[in-house]
Structure formats: C-alpha cells, structure tokens
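S.K.: So that we are looking at the same thing, I have put the structure below in structure tokens.
The values are calculated or read from the model by the stated rules, or taken from the named source; none is laboratory data. Just so we're clear, the structure is a prediction, and the values are computed from it rather than from any experiment. Because the Cβ atoms are built from the backbone with ideal geometry, glycine has one as well, and the counts that use them run over all protein chains shown. Surface accessibility is based on the protein's heavy atoms, side chains included, excluding ligands, DNA and RNA. Shrake-Rupley method; radii C 1.70, N 1.55, O 1.52, S 1.80 Å.
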Amino acid sequence: MAERPAGEAALVACPDCDLLQRLPLLAPGDAARCPRCGAKLWRCRADALDRPLALAIAVALLLLTANTVPMLGLSVAGRETSTTVLGGVLAMWADGRPDVALLVLFSALLAPALEVGCLLAVLLAVRWPPAPHWAGTLLRAYESLREWSMIEIMLLGVLVALIKIAELATVLPGAALFLLGAIVYLRAAMASAFDPRAAWQRIAWRAGRSPREPGDAAALDPKAARR
C-alpha cells in the first residue's frame, strides 16, 4: 500500500481535551480558545518572525563575547587570577571531575549555542517561503535544545560559590558574568516572541505544498472561540 501524507494541516487538537478543530482567522494579539474546555490553542503574535530574529542575533553576539572574556577573578595576598567559562570546564576536567566538566560544557556552552544557531537558521530560511524541509528538522531540534540550555542554573551555582569564598578571597566579577545574565533575559524574550506555527506554515512539505495559513477560508471554524 502506498504511503500518503496524513492529516489536515489546518486541524489542531486541544492540548487539554483533545478536541480536533480548525483555527479561525486571528489578528495580531488575538488568541483562539477551545470551544469545549476553554484552553488556549494559539495566540497570534505580532512580528512573530522578525522580532525573534533580532533577539537571536543579539543572543548569538553576547554568547560569542561571553565565552571569550573573563567570567570571574580572585585576588588573594596581592595575586590575581581569572578564568572564562571554558577555562572553568577545563579546570574541572584537570581536577578529576570529567562528568561534571562535560555536563557544564554541554548545558552552558554547546546547547545554548546550538539552540540559537538552529533558531537563526530557521528564521533566515523561512523569510523566503517555501523554506526547505531541513528547516523543520532544525525547528524540532531547537525545541529539544531549549530543555538542555541551562545558563541560569550555572549562574546560580556561581553565585552560591561566590558567597562561600567571599571570606577567603576578594571576588572580581568579570564581564562575562553580566553578559550571561543578559543572555538569560534575552533567551526568555526570544522564546516568548517566537511563534513556531508561523515558521511551520512557511516550510515546504514532502507532499509538495505548505500547510494552510490559519487565515485561509478552508481553515476558518466559527465554533473556535476568540478572545
């Protein structure tokens, strides 16, 4: 039996009650809710692709800078030393803790860089629809990498360490510490501004067509509630 693409592109399932329905035409800022349980199905964001692109570029530049300048410095008995994020990973590896070093390397360096790289590639690809199918693969990878990007957890650990060693040495905060704090804020803003549905609508499918826009006539459903 020949395989065929399944499903109606305009149909969505409610995340709470699983009611299958079509999205109505929404103006920027409006939200569609399930007519049965009232759960939010989708919010149409303004500048769903341009704003996250600007934020992703800013995060990429800050990441590049934060990993090349000192993050922390210590001053003890007139001697000063400083290290970068990568330097801390190498120090943990040399100290006989390779498992912790690899975890920090992936969650604080590689995962955030790959997350931003995937999103940048997707946002640039969908600017000229139909985007190639590999954009969909990167979009799925972006959603997975978000769960492994833990810069904020590393910053919390650094702050705890600073409190413990404050009585033993003078702590010198580096520029990377403030840059990483800015990255945490911008990553949250980037994820909030990005609308994956707007990107999916511009990606070419194997069936040779793109999914229908929520505003298409066939996608309208008078039963879907608006707010």
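S.K.: Just one of PRO129, PRO112 is touching a residue at least 12 places away in the same chain (Cβ under 8 Å), over 29 Å from THR170 (Cβ atoms), crowded, with 19+ Cβ neighbours inside 10 Å and of a type outside the set (A, V, I, L, M, F, W, C); which is it?
M.R.: PRO112
S.K.: Another question about this same structure. Of the residues GLU143, GLU152, which is under 24 Å from ALA204 (Cα atoms), open to solvent by less than 80 Å² (accessible area, probe 1.4 Å) and either touching a Gly at 6+ places or on another chain (Cβ under 8 Å) or modelled with pLDDT under 95 (or both)?
M.R.: GLU143
S.K.: Just to be sure, is LEU26 among the aliphatic types (A, V, I, L, M), part of a loop (DSSP other than H, G, I, E, B) and either at pLDDT 85 or above or in contact with a strand residue (DSSP E or B) (Cβ under 9 Å, 6 or more places away or on another chain) (or both)?
M.R.: yes
S.K.: A follow-up question, please. Which is at pLDDT below 85 and more than 30 Å from LEU110 (Cβ to Cβ), of ARG36, ARG4, ARG45?
M.R.: The match here is ARG4.
S.K.: Criterion first (open to solvent by 60 Å² or more (accessible area, probe 1.4 Å) and either over 18 Å from PHE178 (Cα atoms) or at pLDDT 90 or above (or both)) does LEU90 satisfy it?
M.R.: yes
Okay, residues lined up against (1) at pLDDT 90 or above; (2) on the phi < 0 side of the Ramachandran plot; (3) polar (S, T, N, Q); (4) assigned to a helix (DSSP H, G or I):
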site	(1), (2), (3), (4)
LEU172	no, yes, no, no
LEU179	yes, yes, no, yes
ALA182	yes, yes, no, yes
ALA189	yes, yes, no, yes
GLY208	no, no, no, no
PRO211	no, yes, no, no
GLY215	no, yes, no, no
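S.K.: Looking for something at pLDDT 50 or above and more than 28 Å from ARG146 (Cβ to Cβ) - is there at least one such residue anywhere in region 217-226? Working first, answer last.
M.R.: In the first step, residues of region 217-226 are kept if they are at pLDDT 50 or above; the result is none.
No, region 217-226 contains no residue that is at pLDDT 50 or above and more than 28 Å from ARG146 (Cβ to Cβ).
S.K.: MET71: over 12 Å from the mean Cα position of the chain (by Cα), open to solvent by 30 Å² or more (accessible area, probe 1.4 Å) and either of a type in the set (Phe, Trp, Tyr) or under 23 Å from LEU168 (Cα atoms) (or both), yes or no?
M.R.: Numbers: over 12 Å from the mean Cα position of the chain (by Cα): yes; open to solvent by 30 Å² or more (accessible area, probe 1.4 Å): no; either of a type in the set (Phe, Trp, Tyr) or under 23 Å from LEU168 (Cα atoms) (or both): yes.
Spelling it out, it is not the case that MET71 is over 12 Å from the mean Cα position of the chain (by Cα), open to solvent by 30 Å² or more (accessible area, probe 1.4 Å) and either of a type in the set (Phe, Trp, Tyr) or under 23 Å from LEU168 (Cα atoms) (or both).
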